[in-house]
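Asker: This is the structure, below, for whatever I ask next.
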């Protein structure tokens, strides 16, 4: 998972939370990354999920309906309060031109629903479209860099 001392790459189904300065990176297509930030404690976390929902109560964090609450609980375990959390959503692209009801739309919807249920505002949305994204997220500042992937790649 770790690329360098202060950079971690997050694969699908993974999540990381840090109370120290760390850069979290991931690459998204139809997947979603939810980034949470607590400006009071300077704690940030990110997940990367592939699928919107699972009917299995033991499902892992590849599913948004499990991954988003799991990230929230991990932030709360670090001492964060719901009232201090802000969310950013990235990803959810339609990766083929033939997709009518593509998985990205379902992923966006479940992330937004879970965050709304928990009362966490979304302050940045960079979702949808037809291009994947590379994401860099600084856990100590909440700063987010998003670069679209080249369509010719």
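Asker: Those residues that are over 16 Å from residue 140 (Cα atoms), outside any strand (DSSP E or B) and without any contact (Cβ under 8 Å) to a residue 60 or more places away in the chain, I need them from the stretch 82-93; list them, please. Let's see the steps before the verdict.
Answerer: Step one: of the stretch 82-93, the residues over 16 Å from residue 140 (Cα atoms) are 82-83, 89-93.
Next cut, outside any strand (DSSP E or B) only: 82-83, 92-93.
Correct list: 82, 83.
Asker: In the stretch 11-41, what count of residues is obtained for those that are outside any strand (DSSP E or B), out of contact with any helix residue (DSSP H, G or I) (no Cβ under 8 Å at 6 or more places or on another chain) and surrounded by 20 or more Cβ atoms within 10 Å (Cβ to Cβ)?
Answerer: Total meeting the criteria: 1.
Asker: Is one or more of the residues making up the stretch 42-53 in contact with a strand residue (DSSP E or B) (Cβ under 7 Å, 6 or more places away or on another chain), surrounded by fewer than 21 Cβ atoms within 10 Å (Cβ to Cβ) and either in a helix (DSSP H, G or I) or free of Cβ contacts under 8 Å to residues at least 24 places away in the same chain (or both)?
Answerer: Looking through the stretch 42-53, none of the residues is in contact with a strand residue (DSSP E or B) (Cβ under 7 Å, 6 or more places away or on another chain), surrounded by fewer than 21 Cβ atoms within 10 Å (Cβ to Cβ) and either in a helix (DSSP H, G or I) or free of Cβ contacts under 8 Å to residues at least 24 places away in the same chain (or both).
Asker: Then there's this: Quick check on the stretch 103-126: of everything there that is closer than 20 Å to residue 142 by Cα and without any contact (Cβ under 8 Å) to a residue 24 or more places away in the chain, which residue is surrounded by the fewest Cβ atoms within 10 Å (Cβ to Cβ)?
Answerer: My answer is 116.
Asker: Filtering the stretch 86-113 down to residues that are in contact with a helix residue (DSSP H, G or I) (Cβ under 6 Å, 6 or more places away or on another chain) and at negative phi, which residue is modelled with the lowest pLDDT? Walk me through how you get there before you give the answer.
Answerer: Our first condition is that a residue be in contact with a helix residue (DSSP H, G or I) (Cβ under 6 Å, 6 or more places away or on another chain); within the stretch 86-113, this holds for 87, 89, 92-94, 107, 110-111.
Restricting the remaining residues to those that are at negative phi gives 87, 89, 93-94, 107, 110-111.
On the way: 87: 98, 89: 98, 93: 94, 94: 87, 107: 96, 110: 97, 111: 98.
Here the answer is 94.
Asker: Using the structure shown, decide if residue 68 is part of a helix (DSSP H, G or I) and surrounded by 14 or more Cβ atoms within 10 Å (Cβ to Cβ).
Answerer: Numbers: part of a helix (DSSP H, G or I): yes; surrounded by 14 or more Cβ atoms within 10 Å (Cβ to Cβ): yes.
Considered against the rule, which asks whether it is part of a helix (DSSP H, G or I) and surrounded by 14 or more Cβ atoms within 10 Å (Cβ to Cβ), residue 68 comes out as yes.
Asker: What residue, among those in the stretch 1-10 that are touching a residue at least 12 places away in the same chain (Cβ under 8 Å) and in a loop (DSSP other than H, G, I, E, B), is surrounded by the fewest Cβ atoms within 10 Å (Cβ to Cβ)?
Answerer: So in the stretch 1-10, the residues touching a residue at least 12 places away in the same chain (Cβ under 8 Å) come out as 1, 3, 6-10.
Checking the rest, the ones that are also in a loop (DSSP other than H, G, I, E, B) come to 1, 6, 10.
Working: 1: 8, 6: 13, 10: 20.
The extreme case among them is 1.
Asker: When the stretch 114-141 is examined, which residues are found to be in contact with a helix residue (DSSP H, G or I) (Cβ under 8 Å, 6 or more places away or on another chain) and assigned to a helix (DSSP H, G or I)?
Answerer: 114, 115, 118
Asker: Follow-up. For the structure I just gave you, tell me whether residue 59 is in contact with a helix residue (DSSP H, G or I) (Cβ under 9 Å, 6 or more places away or on another chain), in contact (Cβ under 8 Å) with a residue 40 or more places away in the chain and either buried (at least 16 other Cβ atoms within 10 Å of the Cβ) or not in a helix (DSSP H, G or I) (or both). I'd like the intermediate steps shown before the answer.
Answerer: On the way: in contact with a helix residue (DSSP H, G or I) (Cβ under 9 Å, 6 or more places away or on another chain): yes; in contact (Cβ under 8 Å) with a residue 40 or more places away in the chain: no; either buried (at least 16 other Cβ atoms within 10 Å of the Cβ) or not in a helix (DSSP H, G or I) (or both): yes.
No.
The values are calculated or read from the model by the stated rules, or taken from the named source; none is laboratory data. In this text, all values refer to a predicted model and were calculated from it rather than measured experimentally. Methodologically, a virtual Cβ is constructed for each residue, glycine included, from the backbone with ideal geometry; neighbour enumeration extends over all protein chains shown.
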